[in-house]
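Chemist: Dropping a structure here in structure tokens format, bear with me for questions.
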Amino acid sequence: MSYSSEYAKRWRDKQRRAGLCVVCKEGKPEKNKSVCQKCLEKNKELKQARKDAGVCIFCGKDSNGKQSCLRCSDRKRTLGFTPKDRIKASQDLNKENKKCGICGSVSPSGSNWCLDHNHKTNKYRGILCHNCNTALGLLKDSVRILKKAIQYLKNK
């Protein structure tokens, strides 16, 4: 989690404790909610207007007439993580000394940390920075290709 998202989470928690809506900072949310009824209705209206306009209901970008664009639907996807995987990922993300499992960087080198998973089994593997996660994806998660890349670097 980046500094800005950690800050936003702390701010939302503070608003919840104060009993205020995390969106408008004025209304009183219903029990076990963090948003007031007025903001919930406004959000529903916005989503409906975006849906009618044929754009993504989450980000407002062109979605080729679908409810959500490819990026937002990928983000909503759960990747098939088991509850045990989700708990492990959550623990890894909440560690004070979290760092990339490959390069050891303590900053995500992108907007957020990436939850790496095996594309064949959908099993969670660990937390990676954006660059290392992208590199694994471009190398098709192949140990054989990675070994060839290492050999190439050693020879050059």
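The values are calculated or read from the model by the stated rules, or taken from the named source; none is laboratory data. For clarity, every value in this text was computed on a predicted model and none was experimentally measured. Here Cβ is always computed from backbone atoms with ideal geometry, including for glycine, and neighbour counts include all displayed protein chains.
Chemist: Of the numbered conditions (1) in a helix (DSSP H, G or I); (2) of a type in the set (S, T, N, Q); (3) under 23 Å from residue 89 (Cα atoms), residue 107 fails exactly one; give the number of that condition.
Modeler: (1)
Chemist: Moving on to the next point. Could you list, in sequence order, all residues of segment 105-156 that are surrounded by 12 or more Cβ atoms within 10 Å (Cβ to Cβ) and of a type in the set (Gly, Ala, Ser)?
Modeler: 105, 107, 109, 110, 126, 135, 137, 149
Chemist: Between a residue in segment 16-32 that is part of a loop (DSSP other than H, G, I, E, B) and any residue that is surrounded by fewer than 10 Cβ atoms within 10 Å (Cβ to Cβ), which pairs come within a Cβ distance under 7 Å, given they are 6 or more apart or on different chains?
Modeler: 28/19
Chemist: Considering only residues that are among the β-branched types (Val, Ile, Thr) and assigned to a loop (DSSP other than H, G, I, E, B), look in segment 38-95 and name the one that is modelled with the lowest pLDDT.
Modeler: For segment 38-95, the residue satisfying everything is 78.
Chemist: Sort out which residues of segment 33-53 are of a type in the set (S, T, N, Q) and over 23 Å from residue 20 (Cα atoms), and write them in order of number.
Modeler: Result: 48, single match.
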